[in-house]
């Protein structure tokens with residue numbers, strides 16, 4: 001009897017995998033802003049502090065202090081809360097400071113993140129984010145070092161831009177396939193299935209910029 005092969009998973013979001021994560025510091029305004037957004041997201045989800053505590057594996061006491069701006073939460077703690085509430089990390093910052101400072105990232109210093117299907121041959125670096133109002137922008141540098149990688153299917157809200165920096169690959173969008181070489185780009189609505197179809201060179205590197213509307 002022929003065995004059936006499970007389809008690759010769909011992309012479901014971002015989780016931080018860097019274990020040496022910094023805290024957000026002692027800015028009381030930032031702490032209060034994050035806490036307010038956590039409380040709003042929790043109430044919108046219809047969960048109590050006790051329920052969120054079970055889902056996030058954080059104590060209800062700590063969650064209460066975060067919501068009231070009494071403590072500075074680490075990035076790992078915020079990631080656990082966002083995962084439990086099914087919201088993006090950047091959504092917690094959208095009301096903090098109308099004037100967003102520029103984000104300068106030195107080469108190789110982007111925040112390492114994990115997406116569905118990630119392993120040692122598929123590396124993501126988040127290069128910053130724009131928050132404020134209804135717009136959310138996430139630029140990410142993706143490096144793939146295996147031709148045999150089995151890709152998940154991506155499908156999400158918003159629009160996306162891809163710019164090829166190194167190597168060659170075939171990339172599908174819906175029923176179409178695009179052959180990428182260095183310098184090629186693609187801009188599309190990301191609500192259709194899309195993703196790398198075939199890696200042609202030993203190493204591929206490309207920039208993706210995903211824009212979503214937080215009010216959706």
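What's the number of the condition residue 51 fails, among (1) modelled with pLDDT under 85; (2) out of contact with any strand residue (DSSP E or B) (no Cβ under 7 Å at 6 or more places or on another chain); (3) outside any loop (DSSP other than H, G, I, E, B)? For residue 51, the exception is condition (1). For the stretch 92-114, filtering for residues that are at pLDDT 80 or above and closer than 18 Å to residue 32 by Cα leaves 1. Checking 26, 61 one by one, the residue that is surrounded by fewer than 17 Cβ atoms within 10 Å (Cβ to Cβ) and modelled with pLDDT of 90 or more is 61 and no other.
Every condition in (1) in contact with a helix residue (DSSP H, G or I) (Cβ under 6 Å, 6 or more places away or on another chain); (2) over 19 Å from residue 90 (Cα atoms) holds for residue 136 except the one numbered (2). Of the conditions (1) at pLDDT below 80; (2) surrounded by 17 or more Cβ atoms within 10 Å (Cβ to Cβ); (3) closer than 30 Å to residue 200 by Cα, residue 142 clears all except one; give me its number. Failed condition: (1). Determine whether residue 170 is out of contact with any strand residue (DSSP E or B) (no Cβ under 7 Å at 6 or more places or on another chain) and either assigned to a loop (DSSP other than H, G, I, E, B) or modelled with pLDDT of 90 or more (or both). So residue 170 fails the test.
Residues are listed down the side, and each one gets a yes or a no for (1) within 27 Å of residue 88 (Cα to Cα); (2) at pLDDT 90 or above; (3) in a strand (DSSP E or B); (4) outside the structural domain of residue 140 (by TED's automatic domain parsing):
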residue: 179; (1), (2), (3), (4): no, yes, yes, no
residue: 182; (1), (2), (3), (4): no, yes, no, no
residue: 186; (1), (2), (3), (4): yes, yes, yes, no
residue: 192; (1), (2), (3), (4): yes, yes, no, no
residue: 195; (1), (2), (3), (4): yes, yes, yes, no
residue: 205; (1), (2), (3), (4): yes, yes, yes, no
residue: 208; (1), (2), (3), (4): yes, yes, yes, no
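The values are calculated or read from the model by the stated rules, or taken from the named source; none is laboratory data. Every value quoted in this text rests on a predicted model; they were computed, and no experiment measured them. No Cβ is skipped: glycine too gets one built from the backbone with ideal geometry, and neighbour counts run over all protein chains shown.
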